[in-house]
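There's a structure below that I have some questions on.
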Amino acid sequence: MKKLILTAAITGAETSKEMNPALPITPEEQAADAKACVEAGAAIIHLHVRGSDTKPSQNLDDFRASIEAIRAACNPKPIIQLSTGGAVGAPMEQRIAPIVELKPEMASLNVGSMNFIDDVFINHPEDVEKLAGHFKDLGVIPEVEVYEPGHIDITKSLVKKGLLNKPVHYQFVLGVPGGCNGDARSLVFMHESIDSDDSWAVAGIGRYELPLSVHAVVMGGYVRVGMEDNLYYHKGELATSNAQLVERIARVSKEVGREVASPDEAREMLGLK
Ligand code: KMH
Ligand code: ZN
């Protein structure tokens, strides 16, 4: 089986230190956390940033500060995957700016709208096409975030329109209230719905993180873990760090005979330059 690419989603936008005091917020905290995640086996850091008020930010200087701190702290250098999803309600211009101005190796691309916990996550078709066009023009590799099966159909239509390159790399984000649940049969259905030449990872939300990660390890997919998605190590026991969550899945994967990809191996596997 091909090596496991592990992503650490270290901060997120719907999280706070009140929910878990170990959540990394500042560039220094994110850098220390990312370093530990890379040492534990993460190849990709999925990055949201915060302003000095600790609130979610799409400000370019906030991104620059975190990117520089993470790059300086980590050896090997992980793929830093910028979020263009931001927080629910972030204006589209602010969501687009990080890829246009900072030209990362990789960034997330959200293709469909949905209820999102107690809010609405809007991805208007016109904006999605515009954003996808920027990825293509700039050569930024998108990770397509899909929260329910309809988002896979939208992705396929973007490929048909020439706005997305093949192979597509999907992230199945399962268990967001408002999207598809995180049962194993949902993962199997999502997996069967994509083309066989595409690649995929799963991000299980909350209590779904551990079982879906283990399913993906044995199904041959990739895995995302981290406090953006799940604040707990076990039921009622907060995670002490993102690295603790990464280390667990790296350990499970190696136990079943599947090695973990280094950042450079992940670059090669995902077609990054
Ligand atoms: N915060 C969510 C509304 C992404 O990073 O692209 C969107 C999100 C997805 O986290
Ligand atoms: Zn995110």
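The values are calculated or read from the model by the stated rules, or taken from the named source; none is laboratory data. Since we're looking at a predicted model, the values are computed, not measured. Virtual Cβ from ideal backbone geometry, glycine too; neighbours counted across all protein chains shown. Heads up: the accessible areas ignore ligands, DNA and RNA and are worked out on the full protein's heavy atoms, side chains in. Shrake-Rupley method; radii C 1.70, N 1.55, O 1.52, S 1.80 Å.
Which percent, nearest 5, of DSSP beta bridges in the stretch 6-270 are antiparallel? Write down the numbers at each step before the final one.
Details: 7 of 37 bridges.
Here the share of antiparallel DSSP bridges comes out near 20 percent.
List the equivalent ellipsoid semi-axes of the chain in whole Å, largest first, each obtained as the square root of 5λ for an eigenvalue λ of the Cα gyration tensor. Let's see the in-between values first.
Details: eigenvalues 110, 98, 72 Å².
Here the semi-axes work out to 23, 22, 19 Å.
Name all residues of the stretch 69-110 having a backbone nitrogen under 20 Å from the label point set 7 Å from the Cα of D137 along its Cα→Cβ direction, giving them as ranges.
Within reach of a label on D137: 82-85, 91-110.
Also, quick follow-up: When only DSSP loop residues count, what trypsin sites (Lys or Arg not before Pro) in the stretch 203-260 have their Cβ near at most 11 other Cβ atoms within 10 Å?
On the way: sites: R207, R224, K235, R248, R251, K254, R258; in loops: K235, R258.
The qualifying sites are K235.
For A72 and D183 in the same chain, what is the full-extension length gain: residue separation times 0.36 nm, less their Cα-Cα distance, in nm?
Once the chain is fully extended between A72 and D183, it gains 36.1 nm.
Let a ≥ b ≥ c be the square roots of the eigenvalues of the Cα gyration tensor of the stretch 42-100; is it rounded (a/c under 1.5), or, if not, prolate (a/b larger than b/c) or oblate?
Values: a/c = 2.15, a/b = 1.67, b/c = 1.29.
In terms of gyration-tensor shape, prolate.
Say each of S16 and L60 gets a label point 7 Å from the Cα, pointing the same way as Cα to Cβ; how far apart are those two points in nm?
In this crude label model, S16 to L60 measures out at 3.0 nm.
Which of the GluC sites (Glu not before Pro) across the stretch 1-45 are loop residues per DSSP, with 11 or fewer other Cβ within 10 Å?
Working: sites: E14, E18, E28, E29, E39; in loops: E14, E18.
Here the sparse-neighbourhood loop sites are E18.
Loop-only check: which trypsin sites (Lys or Arg not before Pro) in the stretch 148-178 are DSSP coil with at most 11 other Cβ within 10 angstrom?
Counting only loop positions with at most 11 other Cβ atoms within 10 Å, the trypsin sites (Lys or Arg not before Pro) in the stretch 148-178 are K161.
Give the accessible area for M19 in Å² (nearest 10); use a 1.4 Å probe, count only protein heavy atoms, and leave out ligands, DNA and RNA.
Counting only protein heavy atoms, M19 exposes about 90 Å² to solvent.
Please state the shape class of the stretch 71-217: rounded when a/c is under 1.5, otherwise prolate if a/b exceeds b/c and oblate if not, all from the C-alpha gyration tensor. Kindly include the intermediate steps, with their values, before the conclusion.
Working: a/c = 1.35, a/b = 1.23, b/c = 1.10.
It is rounded, given that a/c, with a ≥ b ≥ c, falls under 1.5.
At 7 Å along Cα-to-Cβ for each site, give me the label-to-label distance between I122 and D195 in nm.
Once both label points are built, they end up 3.2 nm from each other.
OK, next. Using the heavy atoms of the protein chains and a 1.4 angstrom probe, tell me the accessible area per residue for the stretch 6-270 in square angstrom. Don't jump to the answer; show the numbers that get you there.
Working: 11070 Å² over 265 residues.
Per-residue value: 42 Å².
Starting from the Cα gyration tensor of the stretch 1-159, take the square roots of the eigenvalues, sort them a ≥ b ≥ c, and report rounded, prolate or oblate (rounded when a/c is under 1.5, otherwise prolate if a/b is larger than b/c, else oblate).
Taking the square roots of the gyration eigenvalues as a ≥ b ≥ c, the stretch 1-159 is prolate.
So for the stretch 173-273, taking the charge dipole from beta-carbon charges (+1 Lys/Arg, -1 Asp/Glu), which of N181, L238, H215 sits furthest toward the positive end?
So the residue we want is L238.
Contour minus end-to-end for M269 and K3, with contour as 0.36 nm per residue of separation and end-to-end as the Cα-Cα distance? Let's see the in-between values first.
Details: separation 266, 0.36 × 266 = 95.76 nm, distance 0.91 nm.
Once the chain is fully extended between M269 and K3, it gains 94.8 nm.
Let me ask you something else. Any idea how far the Cα center of the stretch 91-155 sits from the one of the stretch 187-248, in Å?
With the stretch 91-155 and the stretch 187-248 each reduced to a Cα centre, they are spaced 21 Å.
Relative contact order (percent) for the stretch 6-270, with alpha-carbon contacts under 8 angstrom and 6 or more residues of separation? List each step's numbers first, then the result.
Numbers: 526 pairs, mean separation 55.1, N = 265.
Reported relative contact order: 21 percent.
So what's the back-of-envelope 222 nm ellipticity for the chain, counting only DSSP H runs of four-plus at -39500 (n - 2.57) apiece and dividing by all residues, rounded to 500?
On the way: 9 runs with 108 residues, N = 273.
Using -39500 (n - 2.57) per qualifying helix, the result is -12500 deg cm²/dmol.
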